[in-house]
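The structure under discussion is supplied below as structure tokens; questions concerning it will follow.
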Ligand SMILES: [Zn+2]
Ligand SMILES: [Zn+2]
């Protein structure tokens, strides 16, 4: 909890128990969607509604504490924003989202040549089948 508390230090946001629990959930899962956060927190915070969690996620996103991942054909997921830059592998079978550290630094210069576009950063989503799902279908 202390670790996630620090994420709020540079924001005007109060470290409420609900907020810390939400951040803790996202931090421990890596990527979490609204319903999963709600399910996991309902034991300790039975009165915390989906709407309350949604509002908190929205605020945390606004202050740059968390990031929303817009993934095709699945619920939006949230992750802690203060992480090394990375990209995402999305399994179309089980929906698992995996962080991957790829060097895509050559994309910038290519786009500059082709489109005259200055790239600040790129974020890549790769869609496919994860090794778990591949093994399952093979077995
Ligand atoms: Zn999978
Ligand atoms: Zn990620």
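When the helix-only estimate is applied to the chain (DSSP H runs of n ≥ 4, each -39,500 (n - 2.57), divided by the residue count), what is the mean residue ellipticity at 222 nm, nearest 500 deg cm²/dmol?
-11500 deg cm²/dmol
For 3, 77, what's the fewest-to-most ordering of other Cβ within 10 Å of each Cβ?
3, 77
Using a 10 angstrom cutoff on alpha carbons, build the Gaussian network for the chain and name the most mobile of 102, 50, 34.
Judging by the Gaussian network model, the answer is 102.
Shape of the chain from its Cα gyration tensor (a ≥ b ≥ c, root eigenvalues): rounded if a/c is under 1.5, otherwise prolate when a/b > b/c, or oblate?
Cα axes put the chain in the oblate bin.
In degrees from 0 to 90, rounded to the nearest 10, what is the angle of the helix 50-62 Cα long axis to the longest principal axis of the chain?
Value to nearest ten degrees: 50.
Tell me, what is the percent relative contact order of the chain, built from C-alpha pairs under 8 Å that lie six or more residues apart?
18 percent
Report for segment 87-138 the percent antiparallel among DSSP-assigned beta bridges with both residues inside it, nearest 5.
Beta bridges within segment 87-138, antiparallel portion: roughly 50 percent.
Here's another thing I want to ask about it. Pick from 79, 123, 96: which is most flexible by mean-square fluctuation in a GNM of the chain where alpha carbon atoms under 10 Å apart are linked?
123
Largest first, please: the extent of the C-alpha atoms of segment 87-138 along each principal axis, to the nearest Å.
Extents along the principal axes, in whole Å: 45, 17, 15.
Over 5 Å intervals from 0, what percent of Cα-Cα pairs in segment 27-86 sits in each interval?
4, 18, 27, 27, 17, 6, 2, 0
Please determine, in degrees from 0 to 90 and to the nearest 10, the orientation of helix 17-29 with respect to the longest principal axis defined by the Cα atoms of the chain, where the helix direction is its Cα long axis.
Tilt of helix 17-29: around 30 degrees.
So if I take the centroid of the Cα atoms in segment 65-102 and the same for segment 1-17, what is the distance between those two points in Å?
Result: 22 Å between the Cα centres.
Moving on. PRE reach from residue 14 (point 7 Å along Cα→Cβ): which of segment 50-72 fall under 17 Å by backbone N?
Correct set: 52-53, 55-57, 59-60.
Indicate, rounded to the nearest 5 percent, the antiparallel portion of the DSSP beta bridges found entirely in the chain.
Once the DSSP bridges in the chain are tallied, antiparallel ones form about 70 percent.
Given 0.36 nm per residue, what is the gain on full extension from residue 3 to residue 99 after removing their alpha carbon distance, in nm?
Difference between extended and current length: 32.5 nm.
Give, in nm to one decimal, the length gained when the segment between residue 125 and residue 49 is fully stretched (0.36 nm per residue of separation minus the Cα-Cα distance).
Contour length minus Cα-Cα distance gives 24.3 nm.
The numbers here are math on the coordinates, done by the rules we state, and not lab data. Here the structure is a predicted model, which is why all the values come from computation and not from measurement. Here the Cβ is made from the backbone with ideal geometry for all residues, glycine too, and neighbour counts use every protein chain on show.
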